[in-house]
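**Student:** Before I ask anything, here is the structure I am working with.
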Amino acid sequence: MTAPHAIRVENLGKQFAGVTAVDDVSFSVAPGELFGLIGPDGAGKTTTVRMLASIMDPTAGDAWVTGRHTVREAEKVKEDISYMSQRFGLYPDLTVQENIDFYADIYGIGKKERRERIDRLLAFSNLTPFRQRLAGKLSGGMKQKLGLACALIHTPAVLFLDEPTNGVDPVSRRDFWRILHQLLEEGVTIFVTTAYLDEADRCHRVGLIDKGRLLACDTPANLRKLMKSNILEIITTDSRKAVALLREKLTGESISLFGARIHVTTATPEPTASRISSLLREEGISLQSMREVEPNLEDVFVSVLSEERR
Amino acid sequence: MKIHRIRAVARKEFLHVIRDPRSLGMGIAIPLLLLFLFGYALTLDVDRVSLIVWDQDNTPTSRDFLSRFTGSRYFSLHAPATNYRDIEHAIDTRNALVAIVIPHDFTGRLDSGRDAPVQVLVDGTDSNTATIALGYAEAVAGEWSRSVVLKQALRGGERPLPQLVDLRPRIWYNSDMASKNYIFPGLIAVIMMVITALLTSLTVAREWETGTMEQLISTPLQGPEIIIGKLVPYFVIGLLDLLLSVLVGRFLFDVPLRGSLWLLTGLSVIFLISALSIGMLISIVTKSQLLASQLALVATMLPSFLLSGFMFPIENMPPPLQVMTHIISARYLVIILRGIYLKDVGLDVLYGEAAVLTLFGGVVITLAILKFRKKIT
C-alpha cells in the first residue's frame with residue numbers, strides 16, 4: 001500500500017431530502033488497522049460505510065480509500081475493496097459454492113488459485129460441510145460467514161463490514177471476530193460498524209457516532225480516559241424499579257442499565273453513593289452490592305452522548 | 001467490458017431461472033397457452049353459417065336454389081321453418097344467423113321471365129360476420145341466377161348474352177384465405193414481446209428489492225456487464241419460444257413457412273434484443289418488481305395486441321392511432337413475419353422494417369445502460 005492512510009475522510013456529509021444523515025465527519029484509518037464505527041440505530045453508520053464503499057455519493061466533503069477518491073475514482077476504489085452490506089447480499093437460491101464461484105468469476109480468479117482459496121475460505125468459516133446447501137437455508141451466523149467468504153475471495157486492501165454481527169447469536173459473533181483478527185495478520189484494513197458496544201473493545205480504534213456526528217474517535221483505552229466522572233455499579237433485587245427510581249430522583253447523574261447491573265455516572269461518588277443507599281432503603285429495594293468500577297465503553301458512550309445532548 | 005464478468009452474471013442468472021419454476025413456466029408455458037388459444041379458438045373465418053329457410057314455393061326450382069346454399073361449405077342448414085315465428089326464434093336464440101324466405105310465386109315469376117325476390121334476413125349483431133355471410137349469400141344467389149339465365153337462353157335457342165366484365169380472381173399467398181395463416185405469424189411477435197419484456201422487467205428490480213444489488217454494485221462489475229449478462233438467459237428463453245412457435249405452426253396448425261428460416265431467426269433476434277431491453281429499462285427505472293411487471297404489461301401487452309396490426313389492420317385505425325403504431329416495435333416484426341411466412345420475401349423488401357427494428361433495439365439497450373447507475377440514491 002502506497003497511500004499513508006487506508007481511509008481518509010474530510011468533512012463528509014450526506015443529506016436525504018433535507019434530513020442530515022451524516023454531518024461533517026472527518027477521520028482517518030491507517031493501513032492494517034481494525035476500525036470500528038459505533039453508534040445506535042439511525043446514527044449514520046450505514047450511510048457512512050456506503051459512501052466509503054463508493055456506492056453512494058456524499059452531498060458534502062470528500063473521502064479517499066487507498067488514496068483514491070470515492071466519487072471521482074469510484075470504480076477504482078471498488079477494485080481494491082470488499083463491502084458486506086447490512087442485509088444479506090447473496091443469492092438465497094444459489095448454493096454456498098455457487099455464490100462463492102460467482103464472486104470468484106467477477107474478480108476473474110483462475111481455476112487453480114480459485115480452488116485453493118475457496119477451500120481455505122470455507123475451512124476457516126467452517127462452511128465446508130455446507131458447500132451444496134442453498135444460501136437461503138443457512139443460519140444467520142453462517143450467512144454472515146458466507147458473505148465474508150465471498151468478500152474475501154479477491155483479498156481486498158480494505159474490507160468494509162456494515163453491522164456484520166447484527167442479529168447473530170453470541171457464539172457466531174465470537175467466531176466472526178476471531179476470523180477478522182486472523183485477517184488482520186494478512187494486512188487487510190478492516191472498517192466495521194456495529195451497534196454492539198461490547199464489540200468496540202475488539203477494535204484498534206473506535207469512532208463514536210450519533211445523529212450523523214462523530215462524537216469521539218480514539219483507541220478504546222483513550223476513550224475510557226475521556227470519562228471525567230466515576231462509575232458506581234449497583235446490583236439490586238429489582239433493577240427495573242431501581243432504575244426508574246434513580247432516574248427520577250438523581251437528575252444530575254446519568255443512569256444506565258446493563259443486564260442486572262446499574263451504572264450511575266457521577267462526578268461526586270461518595271455523596272451520591274449514600275444518597276442511593278437511602279433512596280433504595282426508603283422504597284424497600286434491597287441493595288446487593290455497590291462499588292466503583294472502571295468505565296467500559298458503553299459508559300463512555302453514554303457519557304459522551306449525554307454531554308453532547310445537554 | 002470484460003467477457004468473463006458477463007459470463008459470470010449470465011451463469012448466475014441462468015441458475016435463478018432454473019431454480020425459479022415461475023419464471024421458467026412464464027417463459028415457456030404461457031407462450032404455449034397463447035399459441036393453442038389463438039391457433040384453435042381464435043379464427044376470423046366465417047364458414048358453415050347456420051341457416052334457416054322457409055320455402056313457401058317448394059318446387060324443384062326452389063329446392064335447387066336452396067341446395068346451392070346448403071351444399072356449399074359456407075352455409076349449413078339449421079332447420080326448415082314454416083312461419084316467421086320460427087325464424088325469429090331461431091335468430092333470437094342464435095341457432096341461425098341467416099334466414100331465407102322464398103315466396104310462393106318464386107318459380108312462377110321465374111318461368112314468366114320476371115324478377116323473383118327472395119328475402120334474406122341476417123342477424124347483424126356481429127357486424128363483421130353478418131357482412132361476410134351476406135356476401136356469401138349474394139355470391140351464391142348471383143351464381144344460381146346466371147345459371148338460370150343461361151339455361152333459359154339455351155332452351156330458347158338463343159345465344160347467351162355475354163357478361164360485360166368477367167372477374168377472374170386469384171388469391172395469392174393464402175389461397176384458402178385462412179385467417180390462421182394471417183394471425184399465426186403475428187402471434188409469434190406478440191408472444192416474444194410480452195414474455196421477454198415481462199421476464200426481464202423483474203430481474204434488476206428484484207435485486208434492488210432483495211438487497212443483492214447493493215452487494216453487486218460494490219464490485220468492479222460494470223453496468224453494461226450486468227445488463228448484458230442478465231439479458232443472456234432470457235434471450236435463450238426467447239429463442240426457445242421462437243423455435244416452439246415455428247414448430248407448433250408447422251406441425252399443428254399447418255401454417256406454411258415459405259421464406260427463409262434463417263432470415264426469420266435473424267430478424268427475430270434483433271427484435272428479441274429490443275423487447276428484452278424494454279423490460280430491462282423498465283426494471284432499471286422502477287426498481288420495484290410489482291411496478292415493473294405491471295408497467296411491462298401495459299407497455300408491451302396492450303400495444304402489441306392492439307396496435308401491432310397482429311389482429312386489427314392498422315389501415316383501419318384512426319390516423320392518430322396509425323401514427324402511434326410506428327413506435328410499437330412489434331408492428332415491424334408482424335410485417336416481417338407475415339412477409340417471410342406467407343410471401344417468401346427477403347431483405348430486399350423488408351430492409352426498412354429490419355432497419356427500424358435494429359435502430360429501436362440499439363436505442364433501448366443504450367438507454368437501459370445509461371439509466372443504470374452503480375449507486376444507491
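What follows is calculated from the coordinates using simple rules that are stated; it is not laboratory data. These figures come from a predicted structure and were not determined experimentally. Here Cβ is always computed from backbone atoms with ideal geometry, including for glycine, and neighbour counts include all displayed protein chains.
**Student:** When the helix-only estimate is applied to chain A (DSSP H runs of n ≥ 4, each -39,500 (n - 2.57), divided by the residue count), what is the mean residue ellipticity at 222 nm, nearest 500 deg cm²/dmol?
**Tutor:** -11000 deg cm²/dmol
**Student:** Going 7 Å from the Cα of B:Met301 along its beta-carbon direction, which residues of the stretch B:1-31 have the amide nitrogen within less than 19 Å of the resulting point?
**Tutor:** B:22-31
**Student:** Putting +1 on Lys and Arg Cβ atoms and -1 on Asp and Glu Cβ atoms, find which of B:Pro80, B:Phe69, B:Val148 reaches farthest to the positive end of the dipole of the stretch B:49-155.
**Tutor:** Looking along the dipole axis, the top candidate is B:Val148.
**Student:** If contacts are Cα pairs under 8 angstrom and at least 6 residues apart, what is the relative contact order of the stretch B:131-243 in percent?
**Tutor:** On the way: 23 pairs, mean separation 27.9, N = 113.
Computed over the stretch B:131-243, the figure is 25 percent.
**Student:** Still on this structure, I have one more. Please list log₁₀ I(q)/I(0) at q = 0.14 Å⁻¹ for the stretch A:154-310, using the Debye equation with identical point scatterers on the alpha-carbon positions.
**Tutor:** Values returned for q = 0.14 Å⁻¹ are -0.80.
**Student:** What size of dipole, in debye to the nearest 20, comes out for the stretch B:175-244 about its Cα centre when the only charges are +1 on Lys and Arg C-beta atoms and -1 on Asp and Glu C-beta atoms?
**Tutor:** Computed about the Cα centre, the dipole is about 140 debye.
**Student:** Are there any trypsin sites (Lys or Arg not before Pro) in the stretch A:27-89 that are in a DSSP loop and have at most 16 other Cβ atoms within 10 Å? List them by number.
**Tutor:** Answer by residue number: A:Arg72, A:Arg87.
**Student:** Let's test the formula: R0 of 41 Å, r as the Cβ-Cβ distance of B:Lys287 and B:Arg94. What FRET efficiency results, to the nearest 0.05?
**Tutor:** Efficiency, rounded to the nearest 0.05: 0.20.
**Student:** At a 10 Å Cβ-Cβ cut-off, how would you order B:Met311, B:Met213, fewest neighbours first?
**Tutor:** B:Met311, B:Met213
**Student:** Starting from a Cα-only point model with no solvent, please compute log10 I(q)/I(0) by Debye for chain B at q = 0.10, 0.15 1/Å.
**Tutor:** -0.76, -1.23
**Student:** Now for a separate question. For chain A, set up a Gaussian network in which alpha carbons nearer than 10 Å are linked by springs, and say which option among A:Ile231, A:Ile209, A:Ile38 fluctuates the most.
**Tutor:** Answer for the Gaussian network model of chain A: A:Ile231.
**Student:** Using a 10 Å cut-off around each Cβ, can you sort B:Ser308, B:Ser201 from fewest to most neighbouring Cβ atoms?
**Tutor:** Lowest to highest Cβ neighbour count: B:Ser308, B:Ser201.
**Student:** Please work out whether the stretch B:38-189 counts as rounded, prolate or oblate from its C-alpha gyration tensor, where a ≥ b ≥ c are the square roots of the eigenvalues and a/c under 1.5 means rounded, while otherwise a/b larger than b/c means prolate and anything else oblate?
**Tutor:** Taking the square roots of the gyration eigenvalues as a ≥ b ≥ c, the stretch B:38-189 is oblate.
**Student:** While we're here: Once phi is turned into θ = phi - 60°, what whole-Hz ³J(HN,Hα) does the Karplus curve with 6.51, -1.76 and 1.60 give for every residue of the stretch B:270-287, x standing for Gly and Pro?
**Tutor:** 4, 5, 4, 4, 5, 5, 4, 5, 4, x, 4, 4, 4, 4, 5, 6, 7, 6
**Student:** Another one. Hey, if you put +1 on the Cβ of every Lys and Arg and -1 on every Asp and Glu Cβ in the protein assembly as shown, which of A:Leu287, B:Leu264, B:Phe184 ends up farthest toward the positive end of that dipole?
**Tutor:** So the residue furthest toward the plus end is B:Leu264.
**Student:** Got a sec? How would A:Glu75, A:Glu233 order by Cβ neighbour count within 10 Å, fewest to most?
**Tutor:** Result, fewest neighbours first: A:Glu75, A:Glu233.
**Student:** How big is the dipole moment of the protein assembly as shown about its Cα centre under a simple scheme where the beta carbon of each Lys and Arg is +1, that of each Asp and Glu is -1, and everything else is neutral? Debye, nearest 20, please.
**Tutor:** Roughly 1140 debye for the protein assembly as shown.
**Student:** In deg cm²/dmol and to the nearest 500, what is the mean residue ellipticity at 222 nm of chain B if only DSSP H runs of at least 4 residues count, each as -39500 (n - 2.57), divided by the residue total? Please list the in-between numbers first.
**Tutor:** Numbers: 15 runs with 234 residues, N = 377.
That comes out to -20500 deg cm²/dmol.
**Student:** Taking 20 °C and 1.002 mPa s as the conditions, I'd like the Stokes-Einstein D for the stretch A:43-197 in µm²/s, using the Kirkwood hydrodynamic radius from alpha carbon pairs. Display every interim value, and only then the final one.
**Tutor:** On the way: Rh = 16.0 Å.
My calculation gives 134 µm²/s for D.
**Student:** Sticking with this structure for a sec: Pop out the ³J(HN,Hα) list for the stretch B:216-233 in order, Karplus 6.51 cos²θ - 1.76 cosθ + 1.60 with θ = phi - 60°, rounded to Hz; leave Gly and Pro as x.
**Tutor:** 5, 7, 8, 9, x, 3, 8, x, x, 5, 5, 5, 5, x, 6, 6, 3, x
**Student:** Moving on. Which trypsin sites (Lys or Arg not before Pro) from the stretch A:218-252 combine a DSSP loop assignment with at most 14 other Cβ atoms within 10 Å?
**Tutor:** Filter output for the stretch A:218-252: A:Lys228.
**Student:** Could you state the orientation-averaged shadow area of the convex hull built on the Cα atoms of the protein assembly as shown, in nm² to one decimal?
**Tutor:** Convex hull of Cα atoms, orientation-averaged projection: 47.3 nm².
**Student:** Find me the longest stretch of chain B that has none of the exposed trypsin sites (Lys or Arg not before Pro), where exposed means in a DSSP loop (not H, G, I, E or B) with at most 14 other Cβ atoms within 10 Å. It would help to have the intermediate numbers written out before the result.
**Tutor:** Working: sites that count: B:Lys2, B:Arg48, B:Arg73, B:Arg94, B:Arg114, B:Arg170, B:Arg258, B:Arg373, B:Lys375.
My reading of the result: B:259-372 is the longest stretch.
**Student:** Amide H neighbours of A:Ser254 under 5 Å, at least 5 residues apart or on other chains, H built in the peptide plane: list them.
**Tutor:** Here the answer is A:Thr265, since their amide H atoms fall under 5 Å of that of A:Ser254.
**Student:** For the stretch B:83-97, what does the Karplus curve 6.51 cos²θ - 1.76 cosθ + 1.60, with θ = phi - 60°, yield as ³J(HN,Hα) per residue in whole Hz, taken in order and with x for Gly and Pro?
**Tutor:** Using θ = phi - 60°, the values come out as 7, 5, 5, 4, 5, 4, 4, 5, 6, 4, 8, 6, 7, 9, 9 Hz.
**Student:** Too long at a 22 Å Cα-Cα cut-off: which of B:Lys230/B:Lys371; A:Lys14/A:Lys228; A:Lys111/B:Lys375; A:Lys143/B:Lys287; A:Lys143/B:Lys371; A:Lys76/B:Lys374?
**Tutor:** Beyond 22 Å between Cα atoms: A:Lys14/A:Lys228; A:Lys111/B:Lys375; A:Lys143/B:Lys287; A:Lys143/B:Lys371.
**Student:** Here's another thing I want to ask about it. Using only Cα atoms and rounding to the nearest 10 degrees, what angle (0 to 90) does helix A:297-309 make with the longest principal axis of chain A?
**Tutor:** So the helix axis and the longest Cα principal axis differ by about 80 degrees.
**Student:** OK, next. Dipole of the stretch A:228-294, Cα-centred, from +1 at each Lys and Arg C-beta and -1 at each Asp and Glu C-beta, to the nearest 20 debye?
**Tutor:** Roughly 120 debye for the stretch A:228-294.
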